[in-house]
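See below for the structure under consideration.
The values are calculated or read from the model by the stated rules, or taken from the named source; none is laboratory data. The structure displayed is predicted, hence computed values, not measured ones. With ideal geometry, Cβ positions are generated from the backbone for all residues, glycine too; neighbour counts draw on all protein chains shown.
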Amino acid sequence: MKLLSYLSSALALLGSAVMAHPVYDELMTPVAPLKRQSGSYQQITNFGPNPSGAKMFIYTPNRLAPNPAIVVAIHYCTGTARAFYTGRPYAQLADQKGFIVIYPESPYSGTCWDVSSRATLTHNGGGNSNAIANMVTWALQRYNADPTKVFAVGESSGAMMANVLAATYPELFNAAIVYSGTPAGCFYSISGGVNQWNGTCSNGQIRSTPQIWAKMVFDMYPGYDGPRPRMQIYHGSADSTLHANNYNETIKQWCGVFGFDPNRPDSTQANTPQARYTTYTWGNGQLVGIYAQGVGHSVPIRGQDDLRFFGL
Ligand SMILES: *[C@@H]1O[C@H](CO)[C@@H](O)[C@H](O)[C@H]1NC(C)=O
Ligand SMILES: *[C@@H]1O[C@H](CO)[C@@H](O)[C@H](O)[C@H]1NC(C)=O
């Protein structure tokens with residue numbers, strides 16, 4: 001009883017504080033950590049130009065490493081930053097390793113990412129990809145983070161965005177992990193629409209050559225000739241939302257970019273990292289494909305493995 005009445009008066013106090021500045025509090029007050037996380041989860045509204053209106057949330061662990069790494073963790077359609085924060089392992093891993101997690105949030109109803117407009121498929125084009133790049137730049141400065149340790153990981157629509165980020169901001173990202181996505185540009189909308197669903201792509205009917213897929217990537221940042229992020233592509237063979245052919249096409253895309261032969265990986269490991277998964281590796285880990293036999297949409301996230309791929 002005592003505890004309860006203490007709690008309710010504390011809540012009442014909190015409530016009046018919130019009432020006093022509803023907008024300010026909603027936007028800027030750190031949200032109480034929901035479970036094991038000990039650090040701070042909050043929304044950042046002033047991270048820079050943001051014409052597409054994407055939202056930025058950030059998790060900083062209590063023990064932040066000096067010059068921390070940054071992991072951008074990108075939600076699926078119908079997901080939110082908070083759902084990804086509470087439902088995926090990155091914040092707990094950040095507590096262990098001292099890196100920062102940026103959780104961007106889609107501004108659209110249904111919360112799919114815009115991976116279809118010319119704007120988002122262009123370096124500094126003003127779309128969602130540009131917004132996420134600006135979030136990274138903001139966090140690099142604010143936390144004196146390590147610009148050589150910036151990573152993206154996404155699931156489903158977030159996986160598509162991770163591919164798009166790797167294509168549009170190769171100078172910013174060191175590596176990206178794609179859980180059940182589509183190649184960068186595969187969701188392109190001929191009408192120029194923002195946040196459009198492309199059924200031909202999702203059904204696995206877009207097939208192209210490594211050269212054409214690679215040109216799509218190169219055209220997203222014309223003239224760029226610096227290093228490209230390492231890529232790890234997960235997909236389930238039984239995916240009925242984003243057909244498994246998207247695995248093969250994504251592999252072809254990055255093989256085209258890096259100059260690898262999609263039919264000749266440097267190594268093929270059966271039952272790795274678990275039974276019925278096969279791991280294909282090109283060029284000393286520059287490109288890794290993990291094809292999960294019998295797994296649907298989407299492949300469950302493997303947080304510890306992600307950190308190993310990122311080198312954290
Ligand atoms: C779907 O995407 C492909 C590129 O992957 C594009 O050629 C096609 O026009 C798109 N469909 C629509 C309806 O925009
Ligand atoms: C796609 O790649 C996987 C793994 O290499 C292979 O098992 C499958 O047959 C390929 N599918 C197509 C349509 O080429």
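Details
- Leading residue by the ranking (farthest from ligand 2 (Cβ to nearest atom)) among those in segment 186-208 that are in contact with a Phe, Trp or Tyr (Cβ under 6 Å, 6 or more places away or on another chain) and part of a loop (DSSP other than H, G, I, E, B): 195
- Output for segment 207-228, where each listed residue is among the aliphatic types (A, V, I, L, M) and over 23 Å from the mean Cα position of the chain (by Cα): 212
Yes or no, residue by residue, for (1) within 15 Å of the chain's Cα centre (by Cα); (2) basic (Lys, Arg):
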{"position": "55", "(1), (2)": "yes, yes"}
{"position": "67", "(1), (2)": "no, no"}
{"position": "74", "(1), (2)": "yes, no"}
{"position": "81", "(1), (2)": "yes, no"}
{"position": "92", "(1), (2)": "no, no"}
{"position": "96", "(1), (2)": "no, no"}
{"position": "116", "(1), (2)": "no, no"}
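- Residue in segment 213-229 that is more than 25 Å from residue 126 (Cα to Cα) and either at pLDDT 95 or above or within 15 Å of ligand 2 (Cβ to nearest atom) (or both) present: no
- The one condition from (1) exposed (fewer than 14 other Cβ atoms within 10 Å of the Cβ); (2) within 15 Å of ligand 1 (Cβ to nearest atom) that residue 284 does not meet is (2).
- Any chance residue 167 is of a type in the set (A, V, I, L, M) and either in contact with a strand residue (DSSP E or B) (Cβ under 7 Å, 6 or more places away or on another chain) or surrounded by fewer than 24 Cβ atoms within 10 Å (Cβ to Cβ) (or both): no
- Some residue of segment 182-193 being more than 8 Å from ligand 1 (Cβ to nearest atom), more than 17 Å from the chain's Cα centre (by Cα) and surrounded by fewer than 24 Cβ atoms within 10 Å (Cβ to Cβ): yes
- Of the set (1) away from ligand 1 (no atom under 16 Å from the Cβ); (2) of a type in the set (A, V, I, L, M, F, W, C); (3) within 25 Å of residue 90 (Cβ to Cβ); (4) in contact with a helix residue (DSSP H, G or I) (Cβ under 6 Å, 6 or more places away or on another chain), all apply to residue 257 but (3).
- Answer from 241, 278 - the residue that is within 13 Å of ligand 2 (Cβ to nearest atom) and of a type in the set (Ser, Thr, Tyr): 278
- Some residue of segment 260-275 being within 16 Å of ligand 1 (Cβ to nearest atom), closer than 30 Å to residue 125 by Cα and touching a Leu at 6+ places or on another chain (Cβ under 8 Å): no
- All strands (runs of 3 or more DSSP E) inside segment 217-312 with 1 or more residues being touching a residue at least 24 places away in the same chain (Cβ under 8 Å): 230-236, 277-282, 287-292
- Pick from segment 87-121, criterion under 21 Å from residue 217 (Cβ atoms) and in contact with a Pro (Cβ under 9 Å, 6 or more places away or on another chain), ranking: surrounded by the fewest Cβ atoms within 10 Å (Cβ to Cβ): 119
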